[in-house]
Every structure is written in structure tokens, then in C-alpha cells.
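The values are calculated or read from the model by the stated rules, or taken from the named source; none is laboratory data. Keep in mind it's a predicted model, so treat the numbers as computed, not measured. Glycine also receives a Cβ, built like all others from the backbone with ideal geometry; neighbour counts cover every protein chain displayed.
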Amino acid sequence: MPGCHLDLFFIIFGLQLPFFSSCPINCVCYPSPMTVSCQAHNFGAIPEGIPEISERIFLQNNQITTLLRGHFSPSLVTLWLYSNNITFIDPATFEGFDNLEELDLGDNRYLRALSADTFQGLSRLHALYLYKCGLSSLPTGVFSGLHSLQFLYLQDNHIEFLQDDIFIDLVNLSHLFLHGNKLWSLHQNTFRGLVNLDRLLIHQNQLQWVNKYAFHDLKRLTTLFLFNNSLAELQGECLAHLSALEFLRLNGNPWDCGCKARSLWEWLRRFRGSSSNVICESPDGMEGRDLKHLGAEDFMHCLSSESLHQIKTHTYSTTHQIAHKGHHSHHSSKEKGKDLDLGLHQNEPAAPPDPRPGSRKPGKNCTSHKNRNRISKTQLGKSMHDLQDYVPDYHHKFNFDTVPTASTKRKAKCTRRTPNRVPSGVQQAAGNRCDGVRVSLLLFLLVLAVIVR
């Protein structure tokens, strides 16, 4: 009826607009831009008579079942076909549609499958609606070449899996809606290429596992919804890539707040944006608590168990390496002793070089032993045993005893040598004895002379 009024208006004023005469029956047509509105008329097929110069066509809320090549012209910019009964789309339906910017195929519950070529060549498409279409999978390459796409609506389907690089050409995509599907995992390259994505909605799926690199390209993401899934664990490293994140929703998941939740807890403590509660369902004693409100003391046992595991692993590794070296070494026993001696004394002050043979330092007792700086066989065996049980310091992360080493020799001052001569007391006694012999001999000669006279 409005179309007839417009025709009458233009006829009265002498204006001729030939495209109005070709407006489909039961549709309304508008000029500048040429628009055809045929919504909610129970059409079972695309109505005939749509002008070829039409830029906007509204066919929502009908009973259309099939889309074929030739139904529309390449001048199309906007096409709304939501809430029909479409079951089949000819892959060539939109071939050559270089001007198409908005395509709404949502709420066609019996569509169920798409051809990989359905959207090929739509280089200007910026909004694609495929919600509630009964889709259980997406063919490889279905979004190839859609470099201008900014909004992609895939929510409320039955999609269970997204293959790697399915969105890799969508470099300008800002909004991706995947909520209400049956996704159970997100892999490393699921979202690769989405460098401009701003909002990612994956809530109300069946997610149980998210690769720690799943969001590695999403540097501009501000909104992430993961609520109402089946996530028991999410690594903090997974969210660390989201440097622009402002809104995070994790509620409605069966979170395990044991030791595996520590990295997520640490990330949430640093996060300055808005986040939902993260209610724990396990382990025992944690039920009903919010992971965000846990303290460091709740993870103390995790540090102990993890440290013990690292210590045991490293101790075994160190001992195994030493034994392996000892078994395969081709050095002589003398060289082995020398190497071990250097290793054990590497922290001791360096000993002065041995003096040249025959030389002595003046005024010091420099008597030296041949094996002064050697380690005895008993000490060598003991030191070898201590060395095998040694665990490194891990850069002061844990407190361990230092390496057992031989005690450092104290430097004592050398005492002056005493001259090699007879003690003075012995010399005095010998001198007195000689004087007595001389006196006795003299008296004997005097007596003998008196007798002879």
C-alpha cells in the first residue's frame, strides 16, 4: 500500500522512477539507496522482481529454504535473511559480490552445513551472522579472504571443534561470538591471526582444556568471557598474553583450587581489570572459597612438595652424571686425583707455589713434606662420597649446606732456626776438666824432681 502511495505521489509531480514499477509484490521499496523490504510475508522462496540496482534487501522472518545463484545482483551491500528455514546455500550464490558489507543468515536452524566456498570473494564484508544455524562444524577455509570482516557471530550452534588457523585471515576482526556451542578445547593456533580482536565470548560451552598459548595473538583483547564451562584448571601463563584485557568472567566453572591453580591465582593478584569470582569446588576444605581471596599460606604445601620433587630430581641427575663421568673417563688415576683435588679446593685460597729444589727462604722454617697439599686415600674417598650427595644452591632459592671441603691449612709463622753448635753448658764442663788435668800433671812433675835430687 505505501508503495502505491509513493507511485501516485511521483506520478502527480511528473516524476518517472521506473524501478518502482518493478518492486516485488507485497514488498516495499525505497530509493537512495535502493532498498527492498519483504520481511514477514511468509515467502517460501526469494520473491521475483527485485530490482538489480538494489543495495539493501530485507527478507527476514519468512519461510525461504534455498539460496541460489542469480537470486541477487552484485550491487548488493546489505542482505538480511535471518529467521527463515534455509537448508541449502549454493556456493556460487554470492560470487562476484564485491560490494557486500553485511550478511545476516542467523536463526536458520536447519542450515547445518556450509561449503568452504560460500563466502569466497566477499572482500568488503564486515559483518557476518551465522548464529542459531544448527552448525556442528566449520569447513576449512570457510573464512578465507575475509580481510575486512569485523564482526563474526557464531553463537548458539553445535560446534564441537575449531581447527587450527580457521580465523587466520580475519586480521581486522574485533568481535567474535562463540558462546552457546559445544566446544570442549582450545588449541594453540585456534585464534592465530586475530591480532585486532577486542571481544571474545566463549561462555556456555563445554570447555575442559585450554592450551597455554591459545590466546598468544590476542594482544588487543579487552573482553574475555569463559563463564559456565567445565574448566577445572586454567594456567596463568594462558592469560599472560592478554596485555590489554579489562573484563574477565570465569564464574560457573568447577575450579580445582589445589596446587595447579597457583599460577592462575598469582595472575589474578596482578590483574587490574574487572573479573568475576572464581569459586572453588575442590579439593576438600576449599569448597565454596573464592580463588581470588586465597592467601599465600594456602599454597605453602605446594611449594614444599614441588621443591622436594625438584631436589630429588636434581640430586639423582647430579649423582648420575658424576658416576657416568667416572665410568667413561680415560684419564689416568693420577690425573683423576689431580682434577678432584682442584675441584674440592676451588673455594680455598691459592697455595703459594712450591720453592725450587734446594732453595730456602731466609729466617723461616721452610721444612716441607712431599705430600703436603695432597689428600690421603681415606680423605679422597670421603670427599668423593660427599661430592656425590651434594645438591647445588639453586641461586639461593632453597637453603642447603655448602660443598664439604677439606679444612684450610692455617698459615703459621716460621720459627727462626737455631745454630748447629754445642750447648754452652757442655762447653763449660769440658773446659773445667782440662784445667784439673793440667794442675795434677804439674804437681806430679814437681814431686818427681824433689825425689831425684
(message) Could you check region 196-214 and list, in sequence order, the residues that are more than 14 Å from residue 173 (Cβ to Cβ), surrounded by 17 or more Cβ atoms within 10 Å (Cβ to Cβ) and in contact with a Phe, Trp or Tyr (Cβ under 9 Å, 6 or more places away or on another chain)?
(response) 202, 203, 204, 205, 207, 214
(request) Could you tell me which of the residues 52, 48 is part of a loop (DSSP other than H, G, I, E, B), at pLDDT 50 or above, loosely packed, with under 12 Cβ neighbours inside 10 Å and of a type in the set (D, E, K, R)? (result) 48
(request) Could you list, in sequence order, all residues of region 178-189 that are surrounded by 21 or more Cβ atoms within 10 Å (Cβ to Cβ) and over 15 Å from residue 208 (Cα atoms)? (result) 178
(request) For region 209-294, please list each of the strands (runs of 3 or more DSSP E) lying entirely inside it that holds at least 2 residues being in contact (Cβ under 8 Å) with a residue 40 or more places away in the chain. (result) 280-282
(request) Scan region 109-125 and report the pairs whose first residue is free of Cβ contacts under 8 Å to residues at least 40 places away in the same chain and in the same structural domain as residue 87 (by TED's automatic domain parsing) and whose second residue is surrounded by 16 or more Cβ atoms within 10 Å (Cβ to Cβ) and outside any loop (DSSP other than H, G, I, E, B), with Cβ atoms within less than 6 Å and a gap of 6+ or a chain change. (result) 118/89
(message) For region 172-194, give me each residue that is under 19 Å from residue 244 (Cα atoms) and either aromatic (Phe, Trp, Tyr) or in contact with a Leu (Cβ under 8 Å, 6 or more places away or on another chain) (or both).
(response) 172, 173, 174, 175, 176, 177, 191, 193, 194
